[in-house]
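> Got a structure for you, questions after.
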């Protein structure tokens, strides 16, 4: 994804000079794009730095998952990256900034809302580069699930089970993506020594901040477990740590364990 980083930097330069970055991207064959609801792209200095960081982390995930898929006798298909602010249209539908970062299996793209990272730091009290890296690695974890066919199996259950039961399946899917994020961190550390002091704590703060129970308490003052779709803060932290400690992709079977 080294080329993707160069494209993002070029897009930023064009935007700052008053050009149309979307026209530029339409003329280039690249996996990295920048999208916005309307008008020119105006990135703050902080957002420019974040966009570069996102591309670097995505490149690290590609190195790890390419290697792990080769070990499984499979070929890893790298996802595309879309940075957006405000809103974006994906093959999975329209998404606003309130959606935050997400992965769309229909177009195999990772959508990163740069504003979300500012909120992660200021609103949710989870600052730090590795907090951001954890979120990216989680979305890439969904891409891995898509390539392995897990996402389709869960999606096929929609409408066949109750909403409550489907939510439980969604929680297991999300926790496996957290586990895969930990697997990435394990191997990235072995390959490139990416971890610095305090990085794991930053990831734990982020996992805690976006757990269903924490978010519901913040929004409502109480929790409704049957409506959980991503898992509690404790679960998200624990599954990330399990992946980090083992580095074994086969150890993340969240669907056949009683202890979530």
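Conditions (1) over 21 Å from residue 184 (Cα atoms); (2) free of Cβ contacts under 8 Å to residues at least 60 places away in the same chain; (3) crowded, with 18+ Cβ neighbours inside 10 Å, marked per residue:
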position	(1), (2), (3)
203	no, no, yes
221	yes, yes, no
225	yes, yes, no
229	yes, no, no
238	no, yes, yes
254	no, no, yes
257	yes, yes, no
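> For region 72-98, which positions are out of contact with any helix residue (DSSP H, G or I) (no Cβ under 9 Å at 6 or more places or on another chain) and not in a strand (DSSP E or B)?
The first filter runs over region 72-98 and keeps only residues out of contact with any helix residue (DSSP H, G or I) (no Cβ under 9 Å at 6 or more places or on another chain), leaving 73, 82, 89-96, 98.
Across region 72-98, the qualifying residues are 73, 91, 92, 98.
> Here is a check on your reading of the model: is residue 247 in contact with a helix residue (DSSP H, G or I) (Cβ under 8 Å, 6 or more places away or on another chain), buried (at least 20 other Cβ atoms within 10 Å of the Cβ) and at positive phi?
no
> If you don't mind, another one. Only one of (1) within 16 Å of the chain's Cα centre (by Cα); (2) part of a helix (DSSP H, G or I); (3) surrounded by 12 or more Cβ atoms within 10 Å (Cβ to Cβ); (4) without any contact (Cβ under 8 Å) to a residue 60 or more places away in the chain fails for residue 57. Which number is that?
Among (1) within 16 Å of the chain's Cα centre (by Cα); (2) part of a helix (DSSP H, G or I); (3) surrounded by 12 or more Cβ atoms within 10 Å (Cβ to Cβ); (4) without any contact (Cβ under 8 Å) to a residue 60 or more places away in the chain, residue 57 violates only (4).
> Out of region 223-260, which residues are closer than 18 Å to residue 130 by Cα and assigned to a loop (DSSP other than H, G, I, E, B)?
Passing the criteria: only 247.
Residue by residue, here is whether (1) buried (at least 19 other Cβ atoms within 10 Å of the Cβ); (2) out of contact with any strand residue (DSSP E or B) (no Cβ under 9 Å at 6 or more places or on another chain); (3) in a strand (DSSP E or B) holds:
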{"residue": "112", "(1), (2), (3)": "yes, no, yes"}
{"residue": "124", "(1), (2), (3)": "no, yes, no"}
{"residue": "133", "(1), (2), (3)": "yes, yes, no"}
{"residue": "137", "(1), (2), (3)": "yes, yes, no"}
{"residue": "154", "(1), (2), (3)": "no, yes, no"}
{"residue": "158", "(1), (2), (3)": "no, yes, no"}
{"residue": "166", "(1), (2), (3)": "no, yes, no"}
{"residue": "175", "(1), (2), (3)": "yes, yes, no"}
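> Out of all the residues in region 190-198, is one or more surrounded by 13 or more Cβ atoms within 10 Å (Cβ to Cβ) and at positive phi?
Scanning region 190-198, I find no residue that is surrounded by 13 or more Cβ atoms within 10 Å (Cβ to Cβ) and at positive phi, so the answer is no.
> Then there's this: Given the residues 145, 49, which is the only one that is part of a helix (DSSP H, G or I), at pLDDT below 95 and either surrounded by 17 or more Cβ atoms within 10 Å (Cβ to Cβ) or out of contact with any helix residue (DSSP H, G or I) (no Cβ under 7 Å at 6 or more places or on another chain) (or both)?
Criteria check complete, one pass: 49.
> Now, a different point. Taking residue 167 as meeting all but one of (1) closer than 27 Å to residue 65 by Cα; (2) modelled with pLDDT of 95 or more; (3) touching a helix residue (DSSP H, G or I) at 6+ places or on another chain (Cβ under 9 Å), write down the number of the exception.
For residue 167, the failing item is (1).
The values are calculated or read from the model by the stated rules, or taken from the named source; none is laboratory data. Just so it is clear, the model here is predicted, and its values are computed rather than measured. Cβ sites come from the backbone with ideal geometry, for glycine too, and all protein chains shown count toward neighbours.
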